[in-house]
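Below is one structure; the comments refer to it alone.
Values in this text are rule-based calculations from the coordinates and carry no lab data. None of these values were measured; they are calculated from a predicted model. Cβ: placed from backbone, ideal geometry, glycine included. Neighbour counts: every protein chain shown.
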Amino acid sequence: MTVETLHDKFVYELQQVYYIETELVDILDEMVESTADETISEGFETHQRETAEQARRLEGVFDALDEPTELRQCHALDGLIEDRQAFLDSAVADTDLIDLYNVGAGVKVERLEISAYEGLLTHADRLDLPNEVTEPLEENLDQEEATLKELKGTMSGSTVHQLLGRLMG
Ligand SMILES: [Fe+2]
């Protein structure tokens with residue numbers, strides 16, 4: 001696709017966020033399985049279900065724009081996935097360290113998603129796009145912000161404190 005207008009840029013970036021949500025459905029599955037702590041793992045499980053919903057909402061946005069539902073690779077997400085794999089490959093099977101990494105990785109992904117949705121919504125406003133486009137994007141943004149808040153709560157909460165306590169012996 002050739003990007004010539006702000007509308008084209010909007011669609012280009014919508015395709016990337018669709019890629020992010022679609023990939024994350026699988027990645028979160030893996031994060032649920034690789035996280036030993038039940039509370040943290042359940043948090044990822046809830047967000048995995050939300051992520052599947054978010055991908056469906058984006059399909060509605062493509063429809064509302066009368067654009068084909070297409071994926072566009074997002075190298076930033078792929079990089080985060082590769083970084084996590086490299087960590088897992090280097091981490092001695094210490095489940096506390098892996099859990100801590102997963103929480104931090106979750107925060108990075110949420111920040112990436114939040115930036116993507118904020119950018120799209122700014123363009124949508126400028127392009128005067130209808131509610132069928134902006135509402136699903138706003139709902140997704142709200143969910144990402146709630147998830148980021150939860151993850152940050154986890155970072156400073158008792159579960160992570162216990163993990164840190166064990167790691168610091
Ligand atoms: Fe998401």
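Tabulated data
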read-out	value
Residue within region 114-126 that is without any contact (Cβ under 8 Å) to a residue 60 or more places away in the chain, out of contact with any Phe, Trp or Tyr (no Cβ under 6 Å at 6 or more places or on another chain) and more than 16 Å from the ligand (Cβ to nearest atom) present	yes
Index of the failed condition, R49 passing every other in (1) buried (at least 21 other Cβ atoms within 10 Å of the Cβ); (2) within 14 Å of the ligand (Cβ to nearest atom)	(1)
Neighbours by Cβ (under 6 Å, 6+ apart or cross-chain): first from region 134-161, closer than 13 Å to A116 by Cβ and within 16 Å of the ligand (Cβ to nearest atom); second outside any helix (DSSP H, G or I) and among the charged types (D, E, K, R)	none
Selected residue [surrounded by 14 or more Cβ atoms within 10 Å (Cβ to Cβ), away from the ligand (no atom under 16 Å from the Cβ) and touching a residue at least 24 places away in the same chain (Cβ under 8 Å)] from I40, I20, I27, I81	I40
Members of region 91-115 found to be under 30 Å from E67 (Cα atoms) and either over 10 Å from the mean Cα position of the chain (by Cα) or not in a helix (DSSP H, G or I) (or both), listed by number	S115
